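Novice: A single structure is presented below for examination.
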Amino acid sequence: MGRHSSGKHHYALSKGATAFVVLIAILGLLAAYMFSNRGKTGDEHSADGADEQSCVAGDLSLPVAASSEKVGRMLIDAYVETHPVVRDYCVRPVYVDQLEDAAVYVAPNTSISHAELDDAGRAAATNEPLTVASFHAGLAGSTEVKPETVDLATVDFPTGDQPEASALVAAKLAPSEGEAVAVLTDNRIASTADAQLNSTRLIATAENAVPEGFKFSRVEGADIVYSAIPLTTSDNVTEDQVRAGQAFADTTGKLFTGDGAAKLPVIGESVWAAALPEGSRIKTGGGGTHKAEAATTAPASAADTLFVLDTSSGMVSYASAAEDGIAQAAEKLADKGHCVGLWNYSSPLTPGVTNGYRQNLAMVVNNGYEIGTVVSRFLNGGSPQTHEVVLAALAYAQEVASTDNPVRIVLITSGTTDASTPITDAIKQAETSNVELSVVHVGGGEQDEELASGAQSATVAADAEALPKAIVDAAAVR
């Protein structure tokens with residue numbers, strides 16, 4: 001008989017062939033899986049869908065502090081979405097109020113932030129923290145305005161909860177650094193909540209913190225740039241938490257896509273200081289137990305004077321006393337008709353600043369009456385680059401001095417970190433130009449021998465109580 005077609009194709013494989021095909025498919029899938037996961041480390045795996053093997057070390061709490069809780073929590077939420085795993089730990093970021101407990105600090109990288117860290121006994125783990133957020137700053141009120149036409153006397157500055165916005169707006173709109181400091185001092189309010197919505201007043205604010213009902217007007221160039229500042233270990237923070245803090249900074253830095261500036265605008269440190277919230281100045285009373293001891297004879301008569309004040313971390317315990325002494329001496333010099341100037345110095349803490357000193361007030365008539373106000377706004381932080389500032393001050397004083405008009409530099413210092421830079425010849429050269437140097441060494445730390453031996457007069461004030469008189473004596477207005 002002939003064979004008839006059934007209309008169906010016969011493509012069936014034998015049982016052995018079928019098993020072989022299945023085996024090949026399984027091996028292919030396994031190879032693909034191994035290839036796709038080749039080279040991954042524990043840090044590179046995310047916890048998204050990861051099983052317990054991804055976090056074999058368990059959970060790790062990551063304490064995050066921030067100058068703005070709103071910004072801090074925003075970044076924490078964004079970081080949580082990445083399901084971070086570090087060193088086999090599943091990282092669980094939490095917001096904390098105290099810097100003592102934090103592994104990372106989210107804040108503008110300013111002298112204010114570093115002073116807060118110093119006060120809490122904490123230290124940054126890097127000098128170049130990554131930018132993680134940026135917000136426009138400006139003015140808010142009942143209507144939108146053109147900021148460049150606004151009278152700053154009508155602007156309130158909520159330094160209690162928005163010091164950065166206050167400082168940036170004042171710096172950008174005021175015609176000078178001194179006027180920015182003045183308006184921050186005169187028009188400060190405790191917080192944004194104290195602002196009144198009316199047609200006559202405005203407030204400085206970040207765009208993300210505008211009170212309800214207010215209309216925001218951006219100030220060009222006044223962007224608040226937040227950095228994630230990883231911190232070093234402490235009694236409350238472990239090595240693992242420090243690593244997690246660095247990972248937090250790295251990841252949130254990569255996630256940053258803000259439309260604001262990527263770097264904080266450079267403004268004067270006196271403006272940052274003027275915007276510091278009341279009650280947050282990094283100062284204490286106290287110091288040693290000894291009275292001032294004279295190392296050489298004090299100067300005989302008053303002269304035009306440049307005060308140069310060490311504002312490094314080593315002066316924290318003596319800051320208020322130094323203010324008092326400088327203010328007293330400056331007023332007495334002004335009463336006698338002398339020109340008075342003021343500089344402060346420490347290693348730079350503000351981005352973009354390279355000099356280790358700041359020229360606050362030039363030596364002109366009547367500045368002696370202003371110095372008490374200006375000196376009270378300084379912050380303490382960093383290290384004393386004393387030789388750098390002495391060389392600069394000597395050069396400046398020689399430009400001002402003349403044969404019949406001597407100039408005295410009164411240096412108040414806790415020591416120096418740049419002793420390798422020689423200054424003896426510069427001091428001698430300045431003396432031939434009618435410039436003399438009076439040194440007040442503060443505290444029980446190591447004295448700068450080159451400075452003490454080269455100066456025309458030198459005094460040691462071992463405690464805060466002795467410091468005001470030592471400064472007045474060094475200025476020869478006792």
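The values are calculated or read from the model by the stated rules, or taken from the named source; none is laboratory data. Predicted, not measured: the structure shown is a model, and the values here were computed from it. In this analysis, Cβ positions are derived from the backbone assuming ideal geometry, glycine residues included, and neighbour counts consider all displayed protein chains.
Novice: Quick check: anything in the range 134-144 assigned to a helix (DSSP H, G or I) and closer than 30 Å to residue 362 by Cβ? Working first, answer last.
Specialist: Keep residues of the range 134-144 that are assigned to a helix (DSSP H, G or I), which gives none.
No - not one qualifying residue is present in the range 134-144.
Novice: Among the residues of the range 195-237 satisfying the criterion of being of a type in the set (D, E, K, R) and touching a Gly at 6+ places or on another chain (Cβ under 8 Å), which is nearest to residue 126 (Cα to Cα)? I'd like the intermediate steps shown before the answer.
Specialist: Restricting attention to the range 195-237, the residues satisfying the condition of being of a type in the set (D, E, K, R) are 201, 207, 212, 215, 218, 220, 223, 235.
Still in the list and also touching a Gly at 6+ places or on another chain (Cβ under 8 Å): 201, 207, 215, 218, 223.
On the way: 201: 41, 207: 29, 215: 38, 218: 32, 223: 22 Å.
Step by step, filter the range 195-237, then rank; the result is 223.
Novice: Output the residues belonging to the range 394-408 that are surrounded by fewer than 18 Cβ atoms within 10 Å (Cβ to Cβ) and closer than 27 Å to residue 313 by Cα.
Specialist: 395 - this is the single residue of the range 394-408 that is surrounded by fewer than 18 Cβ atoms within 10 Å (Cβ to Cβ) and closer than 27 Å to residue 313 by Cα.
Novice: For residues that are part of a helix (DSSP H, G or I), surrounded by fewer than 24 Cβ atoms within 10 Å (Cβ to Cβ) and over 20 Å from the mean Cα position of the chain (by Cα), tally how many sit in the range 302-331.
Specialist: Residues in the range 302-331 being part of a helix (DSSP H, G or I), surrounded by fewer than 24 Cβ atoms within 10 Å (Cβ to Cβ) and over 20 Å from the mean Cα position of the chain (by Cα): 6 in total.
Novice: Then there is this: List every residue pair whose Cβ atoms lie under 9 Å apart, where the two residues are 6 or more positions apart in sequence or sit on different chains, the first residue falls within the range 351-372 and is farther than 30 Å from residue 227 by Cα, and the second residue, located anywhere, is small (Gly, Ala, Ser) and assigned to a strand (DSSP E or B).
Specialist: Final answer for the pair search is 361/341; 362/341; 363/341; 364/341; 367/341; 371/341.
Novice: From the list 426, 458, exactly one residue is surrounded by 23 or more Cβ atoms within 10 Å (Cβ to Cβ) and either on the phi > 0 side of the Ramachandran plot or not in a loop (DSSP other than H, G, I, E, B) (or both). Which is it?
Specialist: On the way: 426 fails: surrounded by 23 or more Cβ atoms within 10 Å (Cβ to Cβ).
Result: 458 is the single residue among 426, 458 that is surrounded by 23 or more Cβ atoms within 10 Å (Cβ to Cβ) and either on the phi > 0 side of the Ramachandran plot or not in a loop (DSSP other than H, G, I, E, B) (or both).
Novice: Quick one: is residue 334 under 17 Å from residue 376 (Cβ atoms), in a helix (DSSP H, G or I) and in contact with a Ser or Thr (Cβ under 9 Å, 6 or more places away or on another chain)?
Specialist: Values: under 17 Å from residue 376 (Cβ atoms): yes; in a helix (DSSP H, G or I): yes; in contact with a Ser or Thr (Cβ under 9 Å, 6 or more places away or on another chain): no.
Judged against the criteria, residue 334 is not a match.
Novice: Of all the residues that make up the range 148-160, how many are in contact with a strand residue (DSSP E or B) (Cβ under 9 Å, 6 or more places away or on another chain) and either at pLDDT below 90 or in a helix (DSSP H, G or I) (or both)? Spell out how you get there, then give the answer.
Specialist: So in the range 148-160, the residues in contact with a strand residue (DSSP E or B) (Cβ under 9 Å, 6 or more places away or on another chain) come out as 148, 150, 154-160.
From the residues that got through so far, the ones that are either at pLDDT below 90 or in a helix (DSSP H, G or I) (or both) too are 148, 154, 159-160.
Residues in the range 148-160 being in contact with a strand residue (DSSP E or B) (Cβ under 9 Å, 6 or more places away or on another chain) and either at pLDDT below 90 or in a helix (DSSP H, G or I) (or both): 4 in total.
Novice: Looking only at the range 232-254, count how many residues are in a loop (DSSP other than H, G, I, E, B) and more than 22 Å from residue 108 (Cβ to Cβ). Reasoning before the result, please.
Specialist: In the first step, residues of the range 232-254 are kept if they are in a loop (DSSP other than H, G, I, E, B); the result is 232-233, 235-236, 238.
Among the residues that remain, those that are also more than 22 Å from residue 108 (Cβ to Cβ) are: 233, 235-236, 238.
Qualifying residue count, the range 232-254: 4.
Novice: On the basis of being modelled with pLDDT of 70 or more and surrounded by 21 or more Cβ atoms within 10 Å (Cβ to Cβ), does residue 127 make the cut?
Specialist: Values: modelled with pLDDT of 70 or more: yes; surrounded by 21 or more Cβ atoms within 10 Å (Cβ to Cβ): no.
Considered against the rule, which asks whether it is modelled with pLDDT of 70 or more and surrounded by 21 or more Cβ atoms within 10 Å (Cβ to Cβ), residue 127 comes out as no.
Novice: Name the residue that is modelled with the highest pLDDT, counting only residues in the range 360-393 that are among the polar types (S, T, N, Q) and surrounded by fewer than 17 Cβ atoms within 10 Å (Cβ to Cβ).
Specialist: To start, the set of residues in the range 360-393 that are among the polar types (S, T, N, Q) comprises 360, 366-367, 373, 376, 380, 383, 385-386.
Imposing the further condition that a residue be surrounded by fewer than 17 Cβ atoms within 10 Å (Cβ to Cβ) reduces the set to 366, 373.
Details: 366: 71, 373: 86.
Once the filter is applied, the top-ranked residue is 373.
Novice: What's the number of the only condition in (1) of a type outside the set (Lys, Arg); (2) assigned by the TED database to the domain that holds residue 110; (3) surrounded by 20 or more Cβ atoms within 10 Å (Cβ to Cβ) that residue 232 fails to meet?
Specialist: For residue 232, the exception is condition (3).
Novice: Among the residues of the range 131-145 satisfying the criterion of being buried (at least 20 other Cβ atoms within 10 Å of the Cβ) and hydrophobic (A, V, I, L, M, F, W, C), which is farthest from residue 225 (Cα to Cα)?
Specialist: Filtering first and then ranking leaves 140.
Novice: Of the residues 411, 437, 467, which is farther than 20 Å from residue 301 by Cβ, crowded, with 19+ Cβ neighbours inside 10 Å and not assigned by the TED database to the domain that holds residue 111?
Specialist: Numbers: 411 fails: farther than 20 Å from residue 301 by Cβ; 437 fails: farther than 20 Å from residue 301 by Cβ.
Result of the check over 411, 437, 467: 467.
Novice: Scanning for something of a type in the set (Ser, Thr, Tyr), at pLDDT 90 or above and in a helix (DSSP H, G or I), does the range 161-179 turn up at least one residue? First the steps, then the outcome.
Specialist: At the first step, the residues of the range 161-179 found to be of a type in the set (Ser, Thr, Tyr) are 166, 176.
If we keep only those that are at pLDDT 90 or above as well, we get 166.
Filter once more, keeping what is in a helix (DSSP H, G or I): 166.
Within the range 161-179 (the criterion being of a type in the set (Ser, Thr, Tyr), at pLDDT 90 or above and in a helix (DSSP H, G or I)), the answer is yes, since at least one residue qualifies.
Novice: Do you know which of the residues in the range 212-231 that are part of a loop (DSSP other than H, G, I, E, B) and within 9 Å of residue 141 (Cα to Cα) is farthest from the chain's Cα centre (by Cα)? Can you show your working first?
Specialist: Step one: of the range 212-231, the residues part of a loop (DSSP other than H, G, I, E, B) are 212-214.
Next, from what is left, pick out any that are within 9 Å of residue 141 (Cα to Cα): 213-214.
Numbers: 213: 32, 214: 30 Å.
Among those residues, the one meeting the criterion is 213.
Novice: Search the range 139-155 for residues that are assigned by the TED database to the domain that holds residue 212 and pair each with any residue that is assigned to a helix (DSSP H, G or I) and at pLDDT 95 or above when their beta-carbon atoms are under 7 Å apart and the residues are at least 6 apart or on different chains.
Specialist: 139/147; 139/169; 147/173; 150/173; 152/173
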